[in-house]
Structure formats: C-alpha cells, structure tokens
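The values are calculated or read from the model by the stated rules, or taken from the named source; none is laboratory data. Computed from a predicted structure; not experimentally measured. Here the Cβ is made from the backbone with ideal geometry for all residues, glycine too, and neighbour counts use every protein chain on show. The area values use the complete protein model at the heavy-atom level, side chains included, leaving out ligands, DNA and RNA. Shrake-Rupley method; radii C 1.70, N 1.55, O 1.52, S 1.80 Å.
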Amino acid sequence: MVLNTAIDLMDWDTAVHRLVTKGQARQSAVVCICNVHMTVTANRHPALAHVLKHADMVTPDGAPVAWVLRRAGYRDQQRINGPDLMWRYLAQAERLGQIVSFYGGTEATMDRLLAAMLHTFPMLKLGCMVIPPFRTLTVDEDLDYANRINRSGTNVLFVGLGCPKQEVWMGEHRGIVHAAMVGVGAAFDYHAGTIKRAPLWMQNSGLEWLHRLFAEPRRLWRRYLVTNTLFITGMAKTGFKASRMDD
C-alpha cells in the first residue's frame, strides 16, 4: 500500500503479459498507472479511490512509488509507466494481431500518434481513434462512442484524458466497453512528439516530473507543488516505506 492505495507488484514482462491476456479475452478491465499524483489525489477524490480499489491492475508508476515499494522489501520492483507500457504492448499487439483503439487527445495529437505508431508497427491493427469533445457528453454520445469501440473488435483501449478523469471514465465504463482499458495520461503526446519526454537519466532518477514542470510551468506548478509535498509528508509518517496488505 502506498498512501492507502494498493499497488500490484510486477515486472515488465508480467505487466505486458497481463495486458495481452486481458485483451485477448476482450475482458472489460481497468488498468491504472499509479504515480505520486494519483496516490495523493486518491486520498482526496473518493471516485478515484473507488476505481483504484477495484481496478484489475494498478502498476507502480513514478520512481518514488517504485522506490518506497523497494524500501518495503520488494527489492526488484521496477517502475511500470504508461508511455513505455503502451509501446511495449503495441509490439505484442502487432505480433499477435490484437486490435488497439484510443480514446482522448486532440486531432493534431492523434494524427501524429497514428503516424508514429504505423512507422514503428506497420502491421498494427487499429480499431478506432475516438476524440471526444472537451465538455460533458450526452448519454447518447457516450453510448455511441462505446458502441463504436466495441464494434471495432478492440482488445485494448488506451485512454488519455488525464488523472483523475481517465480513471473515473474507465470505472464508469467497466462492463460497457468490452476491452481492457488502460489510462496512460500524457502518453499520446509523448509518442506523438507534441510533448518532449524527459531524458532517460531524469526518468531513472525520479525527476521526470521536474522536466514536465519546466515544459508546462503555468499548468503544472500547482499540481506538483501540492502533490509532491503531500506525498513526502504522508510517506514520512511511514519511514518512506510502503505498507503490506496484511500490516
């Protein structure tokens, strides 16, 4: 447990295998990529906390999350982040013929994402790319999008609406969307090249958030100031170690 959020222990092979398996079964599953921001937000957002509690898989994203798990005794725990999980899965989807769809983003981002994916994975089977409007959907619009995804035969649906919106959306569509749903945040922009990702050394050092802050200071300064402070304060009470489920 990290700040009351249960995190699944896994390596990269396990994470990708679970996603492939759920996708193959077209299981209506929820996969959350849990970083510092999400663990803190879940303590203030009951709907997000509910989704995380009942999710089919919660991966340890963010170097600090993986680090506190290692301090709790899970010494080999890796950081399983959204952009890399998405790309690793796409390689397997291409090999296995699984159908992939996307929900979120903008037209410009999705056009560039499509080009990047087909350049790397030319045989990838694409179901649909749904770009919902930036407003509350009507019931009919929402159902139409879900039906469109289902009719495409989608095995895995990547959702890029940002936290906590994407997690709440996935929770609301469990049983409606017949695919494994994965909330990947800014992964669409990273792979499309509309947002530059942090250098690898910053990712491995737990400083990817700082790179994003410099890239988008007006939008992200409050988020990182508040959530990072609350994460440090909360984890200090535990000695910066995750708690075990049976503690």
Completion exercise
A careful count of residues in the range 161-182 that are under 19 Å from Thr136 (Cβ atoms) and either at pLDDT 95 or above or part of a helix (DSSP H, G or I) (or both) gives 13
Completion exercise
Those residues of the range 19-41 which are under 21 Å from Ala236 (Cβ atoms) and either open to solvent by 10 Å² or more (accessible area, probe 1.4 Å) or touching a residue at least 60 places away in the same chain (Cβ under 8 Å) (or both) amount to Asn35, Val36, His37, Met38, Thr39, Val40, Thr41
Practice task
Output yes when any residue across the range 193-205 is modelled with pLDDT of 95 or more and outside any loop (DSSP other than H, G, I, E, B), and no when none is.
Solution key: no
Completion exercise
For Ile195, the lone unmet condition from (1) aliphatic (A, V, I, L, M); (2) open to solvent by 20 Å² or more (accessible area, probe 1.4 Å); (3) touching a Leu at 6+ places or on another chain (Cβ under 7 Å) is (3)
Practice task
Taking the residues in the range 198-236 that are of a type in the set (A, V, I, L, M) and crowded, with 17+ Cβ neighbours inside 10 Å as candidates, determine which candidate is nearest to the chain's Cα centre (by Cα).
Solution key: Ala198
Problem - Filter result for the condition that a residue is touching a Ser or Thr at 6+ places or on another chain (Cβ under 6 Å) and either open to solvent by less than 60 Å² (accessible area, probe 1.4 Å) or touching a residue at least 24 places away in the same chain (Cβ under 8 Å) (or both), over Ile149, Ile176 - result: Ile149
Completion exercise
Pairing a residue in the range 1-18 that is over 22 Å from Val156 (Cβ atoms) and free of Cβ contacts under 8 Å to residues at least 60 places away in the same chain with any residue that is of a type outside the set (Gly, Ala, Ser) and in a loop (DSSP other than H, G, I, E, B), where Cβ atoms lie under 7 Å and the two sit 6 or more apart in sequence or on different chains, gives Asn4/Asn43
Handout entry: Single residue of Ala93, Ala108, Ala116, Ala66 found to be assigned to a helix (DSSP H, G or I), open to solvent by less than 70 Å² (accessible area, probe 1.4 Å) and without any contact (Cβ under 8 Å) to a residue 40 or more places away in the chain
Key = Ala66
